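S.K.: Sharing a structure, written as structure tokens. Questions coming.
The values are calculated or read from the model by the stated rules, or taken from the named source; none is laboratory data. Please read these numbers as outputs of a predicted model, since none were measured by experiment. So basically every Cβ, Gly included, is an ideal-geometry build from the backbone, and we count neighbours across all protein chains shown. Surface areas here come from the heavy atoms of the whole protein model, side chains and all, with no ligands, DNA or RNA. Shrake-Rupley method; radii C 1.70, N 1.55, O 1.52, S 1.80 Å.
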Number of protein chains: 2
Amino acid sequence: MSGTAVNQGKTRTAISPVREQDFPEWYQQVIKAAELAENSPVRGCMVIRPWGYGLWERMQKHLDQKIKDTGHDNAYFPLFIPLSFLEREAEHVEGFAKECAVVTHHRLEAKDGKLVPAGELEEPLVVRPTSETIVGDCFSRWVESHRDLPLKINQWANVVRWEMRPRLFLRTAEFLWQEGHTAHATEEEAKEETLMILELYRSFVEDVLAVPVIVGEKSPAERFPGAENTYSMEAMMQDRKALQMGTSHYLGQNFSKACKIQFTNKNGELEHAYTTSWGVTTRMIGSVIMVHGDDDGVRLPPRIAAKQVVILPVIPKEELREQVLAYAHKVAEEIRQSSFHGESVLVHVDDRDLRGGEKNWQWIKKGIPLRIEVGPRDMENDAVMLFRRDKAHKDRLSLKREELAQKVPEILQEMQDYYFRQAKAWRSEHIYEDITDLAELETFFTPKNSKKPEIHGGFVRAKWCGEAGTEEELDKLKLAIRCIPIEQSGTQGTCIITGKPATTDVIIAKSY
Amino acid sequence: MSGTAVNQGKTRTAISPVREQDFPEWYQQVIKAAELAENSPVRGCMVIRPWGYGLWERMQKHLDQKIKDTGHDNAYFPLFIPLSFLEREAEHVEGFAKECAVVTHHRLEAKDGKLVPAGELEEPLVVRPTSETIVGDCFSRWVESHRDLPLKINQWANVVRWEMRPRLFLRTAEFLWQEGHTAHATEEEAKEETLMILELYRSFVEDVLAVPVIVGEKSPAERFPGAENTYSMEAMMQDRKALQMGTSHYLGQNFSKACKIQFTNKNGELEHAYTTSWGVTTRMIGSVIMVHGDDDGVRLPPRIAAKQVVILPVIPKEELREQVLAYAHKVAEEIRQSSFHGESVLVHVDDRDLRGGEKNWQWIKKGIPLRIEVGPRDMENDAVMLFRRDKAHKDRLSLKREELAQKVPEILQEMQDYYFRQAKAWRSEHIYEDITDLAELETFFTPKNSKKPEIHGGFVRAKWCGEAGTEEELDKLKLAIRCIPIEQSGTQGTCIITGKPATTDVIIAKSY
């Protein structure tokens, strides 16, 4: 076994600290060990390294197809938004003004031997925190008649929201995302779109990322600035905190009025369109780490791994190198012939000149689903040795070469299902329905009351009366209503905040 | 015929003015008519509309595969670059300082009822005009030993260079591109990479965009700021001006010294790495328009068209609608079964409720390679009517349904080849080798000396002595050495600028 695993009391783990000791620090260390990303010299901006970017590319590929299949076209809008545009929707600018990167100059000039900003702009430009207003401006020109609707556009882009407490993938000043923007002739159609996208996201996140989510509507305090309704998916991390995985907004006529998106309806009357917007971001990568990771690193669900299988040639003597490498490539080629979810299985031969143990541990930390060792003995038996990331790292399975094309996709599917099941079981264990007032809620979320203070709390499912101002009581406890689940029990009860009669189920949790 | 084609003297064309009347205005009108892009309210920033973005997605798909196949990994680096980073390489900052978007504040604040920039940054941030310095900073951390080399990274991103005279696709303040950055242990290997990429670009541009290019090295005055050698591809537009299609730079140790990219070589000594960078941009879309477009709009080479075939249902009576649409979808499905360059043919059924003539002309202007009409008569004959964008718009070919799967890919390939051949013939006609001094050069490039003042000049292939300062003489005539072609004749001659003996062949032209 390699020296890169360290001794943590009884068992050796590749990541230190382990999750139970210090979850936030474990998260940072996993990202470093798996070479997913790193902080850049620009405060709050991250560098996404190839292994992390590969995850994003897989996510893009899956989602882009779904977005196109549901009739949306990709387009690209400017990075910069004139300040006056942002101001058109009052709640919107209020929501984003505190975290905007502002461009004020368009060149640099030498002054006293130092370069300083020069060429001041007449109107400052904001680096897009989101694009409703600039897209709305285009829509106002593209839409004239009801025949131009629905207009369904998607953009893959970078956006910037100045973060005071940045954290890799979860909260970064710059992040990557897709943002959908649609305009419809009727309220009903726009609302349908909002929920259709929510379901598209849910199936993507659950089926591909293997992350179980609760879908629901946001309470008023948590709505997107300028939205009528905001829907989200909420996932539970292994520290039992909630992570919002993506949102879909019904914007009513707020932005169409602000941006003048008008159309002539079938009766020849001028009407404002009904719009939606929706997005998911590189933050999803953080969820994969925090939902599936273990004390040896990341564990990637096969469907989002940029490489699903790595072949590790074992070369005991230099004179066997060529033979073993040829065998490794032959095995790789055979596995590539098999398909997983309609695609060729993604196989990589790691022929780097590096100690076997070190190489092996690098791939464990990176969370590749399958490692396949091939050495002279395997060659003799026309076999390989297979290691699964969801099993103990010494567990091995000898397989005949001829079995691989069939077995590999089967095992990948098994792992995909197992990761989802495991995450769902974890979540079920930590959803609590027996907490009924604020005092109990406070006790429940106080670390010292937990056996494992580093990992405590969970999702509390409770009743809420919905009265204005009540959410502030949760805010004081650093808690929030994560969502009002679409699936409601329909039972009668009492509000966890006011004690008044209430029927609405909500999920309360700490969150990222 | 539709009313959207206008009368231009003898022949009717969809675009007005025609190329010979006013080429720059024709270019703007084509982009508008084909719905490729538009100017945004942000000066110099464009909106890339779905039909234009579809071209970019096809370009990305082709290039991304080639870049990965040659061993490069995608990653993502920050949008913002600290001013101090840019200053690390003297020529580099000099080259970009005059056109930088500068972020100076990180929030907005209400002041006298107006929002103004607040939260001034300690150090201004520049929106990346290119990423050598920020990537170099990462490389300095990722590279320690010769075992970490070569390091071969690519990024797909937006960049900003403040343009005083913006022009859609060709010169925009924000544009999209890929930028490759590699580090190597030896000068030889880095130089090989630079030229390998140049060849990768050439084959992409010629085979996929059907744009013939001359590959060569840039003269010192035209080098990338900070590069030792810059190579480029130069294409001739239909107005005979040159467009630079992409560049590949050998950076020597300039950036590795500026960014401290050092490695321990096999002898245990510390050395600076040798780096390269290279990129192509959304400007390539401009070349496709200006090389292949005609007076009816764009003509898209099939390999980059986001849709290669559109099916246009002809519905003379409402009661036939369902039947015709079903037939149209059946035909579409059958064509999708056939493959073009390893991919399913991209077919779209346009079932919009719009007049047939208008619909037809929209697709002509958009340059889709094939239009297929299906109506009740075609159904009876189990046939379709096919129209090619490279033929007159009334030329039709009746095809049996059963022929389509074979014929469509054949015709697409014929068109791809034809567009390339036609562009190459145009270029050959306008390369001049008989101009031998500055006076002749000036005469040749003076519009009034041409029969068609709007379209004049060409590529002049001449000898150059290479002496410092000589390029300024061309600059006075608004000309430049576009490149020193890799393919040299090896003949003796006299320098077109100084009249001194010279052997180096250069291409001189006006350019975008």
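S.K.: Which condition number does B:Ala97 fail, the rest of (1) under 30 Å from B:Phe255 (Cα atoms); (2) open to solvent by less than 20 Å² (accessible area, probe 1.4 Å); (3) touching a residue at least 12 places away in the same chain (Cβ under 8 Å); (4) more than 20 Å from the chain's Cα centre (by Cα) being met?
M.R.: Only one criterion in (1) under 30 Å from B:Phe255 (Cα atoms); (2) open to solvent by less than 20 Å² (accessible area, probe 1.4 Å); (3) touching a residue at least 12 places away in the same chain (Cβ under 8 Å); (4) more than 20 Å from the chain's Cα centre (by Cα) is unmet by B:Ala97, namely (3).
S.K.: Being assigned by TED's automatic domain parsing to the domain that holds B:Lys241 and surrounded by 17 or more Cβ atoms within 10 Å (Cβ to Cβ): is that true of B:Arg147 here? Steps first, answer last, please.
M.R.: On the way: assigned by TED's automatic domain parsing to the domain that holds B:Lys241: yes; surrounded by 17 or more Cβ atoms within 10 Å (Cβ to Cβ): no.
The answer is no for B:Arg147.
S.K.: Would you please name the residue that is nearest to B:Ser248 (Cα to Cα), looking only at residues in the stretch B:500-512 that are in a loop (DSSP other than H, G, I, E, B) and open to solvent by 50 Å² or more (accessible area, probe 1.4 Å)?
M.R.: B:Lys510
S.K.: Go through the stretch B:91-133 and report how many residues are among the basic types (Lys, Arg) and in contact with a His (Cβ under 8 Å, 6 or more places away or on another chain).
M.R.: Our first condition is that a residue be among the basic types (Lys, Arg); within the stretch B:91-133, this holds for B:98, B:107, B:111, B:114, B:128.
If we keep only those that are in contact with a His (Cβ under 8 Å, 6 or more places away or on another chain) too, we end up with none.
Of the residues in that region, 0 qualify.
S.K.: Could you go through the stretch A:150-163 and let me know if any residue there is surrounded by fewer than 17 Cβ atoms within 10 Å (Cβ to Cβ), at pLDDT 95 or above and under 21 Å from A:Gly71 (Cβ atoms).
M.R.: no
S.K.: Output the residues belonging to the stretch B:408-431 that are over 22 Å from the mean Cα position of the chain (by Cα) and either surrounded by 18 or more Cβ atoms within 10 Å (Cβ to Cβ) or of a type in the set (Val, Ile, Thr) (or both). Don't jump to the end; show me each part of the working.
M.R.: Of the residues in the stretch B:408-431, the ones over 22 Å from the mean Cα position of the chain (by Cα) are B:408-411, B:414, B:429.
Across the stretch B:408-431, the qualifying residues are B:Val408, B:Pro409, B:Ile411.
S.K.: Can you pull out every residue in the stretch A:477-498 that is open to solvent by 30 Å² or more (accessible area, probe 1.4 Å) and either in contact with a helix residue (DSSP H, G or I) (Cβ under 9 Å, 6 or more places away or on another chain) or among the aromatic types (Phe, Trp, Tyr) (or both)? Step through it out loud before you land on a result.
M.R.: Quick first cut of the stretch A:477-498, residues open to solvent by 30 Å² or more (accessible area, probe 1.4 Å) only: A:477-478, A:484, A:486-492, A:494, A:498.
Once the filter is applied, which keeps residues that are open to solvent by 30 Å² or more (accessible area, probe 1.4 Å) and either in contact with a helix residue (DSSP H, G or I) (Cβ under 9 Å, 6 or more places away or on another chain) or among the aromatic types (Phe, Trp, Tyr) (or both), the stretch A:477-498 yields A:Leu477, A:Ile486, A:Thr498.
S.K.: Any idea which of (1) touching a Lys or Arg at 6+ places or on another chain (Cβ under 6 Å); (2) surrounded by 20 or more Cβ atoms within 10 Å (Cβ to Cβ) is the one B:His272 doesn't satisfy?
M.R.: With respect to (1) touching a Lys or Arg at 6+ places or on another chain (Cβ under 6 Å); (2) surrounded by 20 or more Cβ atoms within 10 Å (Cβ to Cβ), B:His272 is out only on (2).
S.K.: Moving on. Could you list, in sequence order, the residues of the stretch B:58-105 that are of a type in the set (Ser, Thr, Tyr) and either touching a strand residue (DSSP E or B) at 6+ places or on another chain (Cβ under 7 Å) or within 11 Å of chain A (Cβ to nearest Cβ) (or both)? Show your work before the answer.
M.R.: Within the stretch B:58-105, the first condition is being of a type in the set (Ser, Thr, Tyr), and the residues that meet it are B:70, B:76, B:84, B:104.
Of everything in the stretch B:58-105, those that are of a type in the set (Ser, Thr, Tyr) and either touching a strand residue (DSSP E or B) at 6+ places or on another chain (Cβ under 7 Å) or within 11 Å of chain A (Cβ to nearest Cβ) (or both) turn out to be B:Tyr76, B:Ser84, B:Thr104.
S.K.: Which ones in the stretch A:223-234 are free of Cβ contacts under 8 Å to residues at least 60 places away in the same chain and either under 15 Å from the mean Cα position of the chain (by Cα) or assigned to a helix (DSSP H, G or I) (or both)?
M.R.: The answer is A:Met233, and nothing else.
S.K.: Within the stretch A:243-255, identify whether any single residue is under 24 Å from the mean Cα position of the chain (by Cα), open to solvent by 10 Å² or more (accessible area, probe 1.4 Å), over 30 Å from A:Arg141 (Cβ atoms) and at pLDDT 95 or above, and answer yes or no.
M.R.: yes
S.K.: Name every residue in the stretch B:481-499 that is small (Gly, Ala, Ser), under 29 Å from the mean Cα position of the chain (by Cα) and under 15 Å from B:Ile435 (Cα atoms), in order of residue number.
M.R.: Looking only at the stretch B:481-499, we keep the residues that are small (Gly, Ala, Ser), and these are B:489-490, B:493, B:499.
Among the residues that remain, those that are also under 29 Å from the mean Cα position of the chain (by Cα) are: B:489.
Correct list: empty.
S.K.: If A:Ala118 satisfies every condition in (1) open to solvent by 30 Å² or more (accessible area, probe 1.4 Å); (2) farther than 28 Å from A:Val280 by Cβ; (3) within 11 Å of chain B (Cβ to nearest Cβ); (4) at pLDDT 95 or above but one, which is the exception?
M.R.: Just one mismatch for A:Ala118, condition (1).
S.K.: Now for a separate question. How about the stretch B:18-37: which of its residues are within 12 Å of chain A (Cβ to nearest Cβ) and open to solvent by less than 30 Å² (accessible area, probe 1.4 Å)? First the steps, then the outcome.
M.R.: Looking only at the stretch B:18-37, we keep the residues that are within 12 Å of chain A (Cβ to nearest Cβ), and these are B:32, B:35-37.
Answer for the stretch B:18-37, where residues must be within 12 Å of chain A (Cβ to nearest Cβ) and open to solvent by less than 30 Å² (accessible area, probe 1.4 Å): B:Leu36, B:Ala37.
S.K.: Considering only residues that are under 24 Å from B:Glu91 (Cα atoms) and under 19 Å from the mean Cα position of the chain (by Cα), look in the stretch B:196-222 and name the one that is modelled with the lowest pLDDT.
M.R.: First, pick out the residues of the stretch B:196-222 that are under 24 Å from B:Glu91 (Cα atoms): B:197-198, B:216-222.
With under 19 Å from the mean Cα position of the chain (by Cα) added as a condition, the list becomes B:197-198, B:216-218, B:222.
Values: B:Ile197: 98, B:Leu198: 98, B:Gly216: 98, B:Glu217: 98, B:Lys218: 97, B:Glu222: 92.
It comes out as B:Glu222.
S.K.: What are the residues in the stretch A:38-49 that are within 8 Å of chain B (Cβ to nearest Cβ), of a type outside the set (A, V, I, L, M) and in contact (Cβ under 8 Å) with a residue 60 or more places away in the chain, if any? Let's see the steps before the verdict.
M.R.: Just the residues of the stretch A:38-49 that are within 8 Å of chain B (Cβ to nearest Cβ), to begin with: A:38, A:40-42, A:45-49.
Add one more test, that the residue is of a type outside the set (A, V, I, L, M), and what stays is A:38, A:40-41, A:45, A:49.
Answer for the stretch A:38-49, where residues must be within 8 Å of chain B (Cβ to nearest Cβ), of a type outside the set (A, V, I, L, M) and in contact (Cβ under 8 Å) with a residue 60 or more places away in the chain: A:Glu38, A:Cys45.
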